[in-house]
Amino acid sequence: MLFKSPAVTAIAVISLALGISANTVIFSVINTVLLKSLPYADADGIVLVWGDTPNEGSHRNQVSATDVNDWRNQNSVFEDVATYSSWRPILSGAGEAERVAAMQVGDGYFKIMKGNPILGRTFLPEEQEDGKDFVIILGHGLWQRSFGGDLNIVGKTVLLNSRPYTVVGVMPETFRSLPTSLIDERAEFYRPVAEQFDEEERGSRHLRSIARLKPGVSLDQAQAEMNVIAARLEQEHPMHNTGYGVRLVSLAEDTVGGLRATVLMLFGAVAFVLLIACANVGNLLLARSAARQKELAIRAALGAARRRLVRQLLTESVMLAMAGGGLGLLFALWGTGLVESLGSKVNPMLNSITMDPRVLGFTVAISLLTGVVFGLAPALHASSPDLNESLKEGGRSSGPGASGNRLRGALVVSEVAMALVLLISAGLLIKTVIRLREVNTGFNPENILTMNVTLPGLKYPKAPTWIAFYNQIIERIQSLPGVKSAGVTSVLPLSANFDGRSLAVESRPKPRGEEIDVDLYIATPGYLQAMGIPLLEGRSLTEHDVEASPPVALVNQTMAEQLWPNDDPIGKRIKFPGSEKRPQPWRTVVGVVSDVTQRALDKKAPMQIYLPEAQFPTQFMTLVVRTSSDPAGMTAAVRNEVLAIDKDQAVYQIATMDQLLADSISLRRFSMMLLIAFAGVAVTLAAVGIYGVISYSVTQRTHEIGVRMALGANRKNIVKLVVGQGLILTLTGIGLGLAGAFGVTRVMEGLLFGVSATDPVTFAVISVVLAGVALGACFLPAWRASKVDPMIALRYE
C-alpha cells in the first residue's frame, strides 16, 4: 500500500526522519551529559569544596592549603579532603622539549578518586613537604606514549622543568583525570602539591579542593557541618576568613550543571520539530485516506470491522514511522558529529557523544510512538466511511468532509504556532550573540596573538632572571617584521584565570580582613599598547618603572570611580596587606585605564590594578603580540624567538584574541546554532504543510472554482480566495504561537543578554517573516487554481 503512493511515502519518511533524527541527536547529548555516570569510581560520592563569598556574589572561589587542612581535621562527613591544581611543566631530555598537562594533588587525592596504581605506589604523606616532593605518578597514556609501557619505569627519573623527578607509580588506563572544566587540560601525570599550610598561608587562596562523602552522608548534611566549621574559622581567624564560607557541589552537578538548562531547552525544541513533522504526515495521511475512500468502503462492505480498518491504517503509519526512524538514525550519526564540533568549547563532556543501546532504544520507542501519534486521527477518521456515498458509481467525491477539513486546518495551525515559537527563540539568541559581540571589552582584539610561557624554578631561580628573560623576549619579538607591539601579562582577559587580591587604600583605611578585593595584572609597558587598552588619565607604565624606582600602579575606571568618586585618583596610594615576614610597600597611582572585560562579556569589569612586571615579577606570563596581518601566521616566528633564548622552552595555549572572544560566548553560540537549525527544519515542514493543505483544498474545490469562473470571477479573485484561506490558517497559528512564545521564552532568560525574553521587535519581525513564508507556500496552489478551465472542470464533474 505504501509503494502505491511513492511520493506521499517519500515525503512522509523524510519529514519523520528530520524530526526523529533531531530528537535522537539531542537525546544522545542528554544521555551523555545528564544520564550517564561520570567515569570515576563511585562518582556520586565525590564533591567539590569551593570557597564562598556571598557578599561579593562569588560562590566558586579557590581555597588555601591552610583552609583545607582545617576542614580535614575538623569535619566528620568526609572520608578525606584534598587540594589540587593544574600544572604544566616542560618534559625534556628525550627529543624536543614539550609541555605536558599535569596535576598537583594533595594528600588523600587518590583515596578520594579510588585510584590504585598498576605499578608502584601513590604518594606518601611526607612527600607533601617542600623539598621531598620531586616524585611523580604517570598516567597510563603518557606511560605508553613517552616511555613505551616500560614495566621497570618505577624508580627511574625524568626531567621536568630541568629538574629530575622520580617515577613512583603508574595509574591504570581506567583512571580518569578530572574534567577540563576544573583543570586546564586532561592531566597526563601527577605530583604532590606540597603547599605549606601554616597561618601565614591562610590567605593564599590559589588551590582547589575535592572531597568524598562518607557512606550514608548526604550533600545537605555535609554542607550544614561545613557551614558550622566555616563560622568557627571566621571567629578564630577574622583577618583572612571574615565573610568567607564553604560551598559544596557534587562533581556531576559542577561538571554539567550549567549545561542542563540548555540541553533541556533544546530537547523541548526538537520535541516541537517532531510534533510539526507528525502534523505534516497526519495531513498527508488525511489526504491519502480521501483518495482511498472507495477502497475502505469496499473493505467495510465485505465485513471488515472498524477496529480492523484502524489496525490496518495504524500498521501503515507505524511502518512509515519505523522507516523514518531508520533514516533518522543515519541523519543522527552526522548530527552528533556536528554537535560535538559545536560543543567542544562549551563542555568537555560534549566531546564524547555516543549512540549506545539506550539511544537506539529511545529512537525505536519514539518511532513507534510517532507512528501512533500521527496515524491515529487519520485512521479513526477514515475507518468510518459513508458506504452509500462512497460506493455510488460516478458520484462526485465528497472528500474528507467538514470534520476532515477542520482537522487538517487545525494541524496546519499547530505547525505554524510551534514553528513561530522556535523561530522567536532562535531570533532572541541571535540578538543576544550580536549584543555580546558589541560589548565594549576595553581592548582591541583584532590581530592579537597570545601564548603562555612558564619559567622553571631550577633554571630561573630568582626574580632578576625572570625579568631579564621577558625583557629579552619582548625585544626580540618586537623586532620581527609584521609585529606592531608586544608585551607580557600575568592574566589575560577572557581567560579562565584571574588573580584576586586584597588591597588597602591609604585614603580609605579599613581593619585587617576587610580590605577591598581587586583583580591584579602584572604587565610590561608594551602590554597595554599591544592590547589597545586606552589610557584615560595620568601616565602609563614605562621602562623606567623598575625595581629601584618608586612603586607605581595603574587602576581601571571602575576602581577610580568607586574609591575616589569626587577626587583625582592620580597620586593616591594603595598596597597589599602583607605581613611581618613579607611587608608590602605603598604604591602610587600614576594612571587610569579603561575597564577590561575579564570573566565574561556579560559581566561587569571588577576593580582592576596593573603593576609593572619589574616591580612585581612572576614566573608565569602570557605573551601578547599585535601584528599588522593575520596573527596566526606569526605563531612559528614568535615561538622560534622563544626557543632562540631557551631551547628547552615550550609555549602553550596559543590562541588569537578573536578565538578567545568566540570561546567566551560558546554556550550561547552553541544554543543559537542548534535552534537556528531546528527552527529552519520547523519552518520548512510548516511551509510544506500549508502547501499541502491549500493544494489539496484546490483539488477538492475544482468544481466550485469552475462555477465561480463561469459566473465571472477573474484570476485575481481566485488567487485572493485561495491565498485568503491560507492566510487565515497562518494568522491563527501566529496568534497562538505568539501566546506560546511569551511563556516559553521566559525559560531561556538565563541565556539572553541585552534583549528581553519578550522583545517586541523580535516577536514582530519573526511573525512577519513566517507570514511571508506561509504566503509563498500558498501562492503556487493559488496560481494553479487560477488556471482552471471552467469548461473542463464542469464537464469532469
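The values are calculated or read from the model by the stated rules, or taken from the named source; none is laboratory data. Since the structure is predicted, the reported quantities are computational estimates derived from the model, not experimental observations. Positions of Cβ are backbone-derived with ideal geometry, glycine not excepted, and every protein chain shown enters the neighbour counts. Side chains are part of the model used for accessible areas, which takes the heavy atoms of the whole protein and leaves out ligands, DNA and RNA. Shrake-Rupley method; radii C 1.70, N 1.55, O 1.52, S 1.80 Å.
For Leu119, the amide hydrogen comes within under 5 Å of the amide hydrogens of Val170, counting only partners 5 or more places away or on other chains and with H modelled in the peptide plane. Heavy-atom accessible surface of the range 681-797, averaged per residue, reaches 50 Å², computed with a 1.4 Å probe. Solvent-accessible surface of the range 38-115, averaged per residue with a 1.4 angstrom probe and all protein chains in place: 36 square angstrom.
The mean sequence distance of close C-alpha pairs (under 8 Å, at least 6 residues apart), as a share of the length of the range 19-177, puts its relative contact order at 19 percent. Report the calculated FRET efficiency for Asp630 and Arg307 (r = Cβ-Cβ distance, R0 = 51 Å), to the nearest 0.05. The pair Asp630/Arg307 has a calculated efficiency of 0.15. Dividing the summed -39500 (n - 2.57) terms of all DSSP H runs of n ≥ 4 by the residue count of the chain sets its mean residue ellipticity at 222 nm at -16000 deg cm²/dmol.
A crude spin-label estimate for the pair Asn405 and Glu506, with each label 7 Å from Cα along the Cβ direction, gives 8.9 nm.
Taking amide H positions as modeled 1.01 Å from N, with prolines and chain starts lacking one, the residues under 5 Å from Val49 and 5 or more places away or on another chain are Ser209, Ile210, Ala211. With the convex hull of the Cα atoms taken as the outline of the range 163-309, the averaged projected area works out to 19.9 nm².
For the range 23-120, the list of GluC sites (Glu not before Pro) that fall in a loop by DSSP and count at most 12 other C-beta atoms within 10 angstrom reads Glu96.
Only protein atoms count toward the accessible area here, which uses a 1.4 Å probe; on the chain, the carbon and sulfur part of that area reaches 57 percent.
Between Thr588 and Val747, the FRET efficiency estimated from the beta carbon spacing at R0 = 56 angstrom works out to 0.65.
3J(HN,Hα) along the range 638-655: 5, 4, 4, 5, 5, 5, 5, 7, 9, 5, 8, 6, 9, 5, 8, 6, 7, 7 Hz, from the Karplus curve 6.51 cos²θ - 1.76 cosθ + 1.60 with θ = phi - 60°, whole Hz, x for Gly and Pro.
Calculated translational diffusion coefficient of the range 412-548 (37 °C, 0.692 mPa s; Stokes-Einstein with Kirkwood radius over alpha-carbon pairs) equals 168 µm²/s. All C-alpha to C-alpha distances of the range 606-726, sorted into 5 Å bins beginning at zero, yield P(r) values of 2, 7, 10, 9, 9, 8, 6, 5, 5, 5, 5, 5, 5, 5, 5, 4, 3, 2, 1, 0 percent in whole numbers. Between amide H atoms placed 1.01 Å from N, distances below 5 Å from Val593 occur with Leu536, Val555, Asn556, Gln557, all of them 5 or more places distant or on a separate chain. Label sites at Ser344 and Leu711, each approximated as a point 7 angstrom past Cα along Cα to Cβ, lie 6.7 nm apart.
Given a 1.4 Å probe and the protein chains as shown, Val755 ends up with an accessible area of around 20 Å².
The modelled label-to-label distance for the pair Asp150/Val364, using points 7 Å beyond Cα in the direction of Cβ, is 5.1 nm. Simple rule: put +1 on each Lys or Arg Cβ and -1 on each Asp or Glu Cβ in the range 539-679, find the dipole, and look at Ile665, Val593, Ile645; the Cα lying farthest toward the positive end is Ile665.
Remark: relative contact order (the chain) = 16 percent; criterion is Cα-Cα distance under 8 angstrom and separation of 6 or more residues.
Compactness of the chain, taken as the C-alpha radius of gyration over 2.2 N^0.38 Å, stands at 1.22.
Set the bar at 26 Å for Cα to Cα. Now go through Lys459/Lys575; Lys462/Lys647; Lys345/Lys647; Lys214/Lys603; Lys132/Lys647 and name every pair that lies beyond it. Numbers along the way, then the final one.
Numbers: Lys459/Lys575 31 Å; Lys462/Lys647 20 Å; Lys345/Lys647 31 Å; Lys214/Lys603 37 Å; Lys132/Lys647 28 Å.
Distance filter (> 26 Å) returns Lys459/Lys575; Lys345/Lys647; Lys214/Lys603; Lys132/Lys647.
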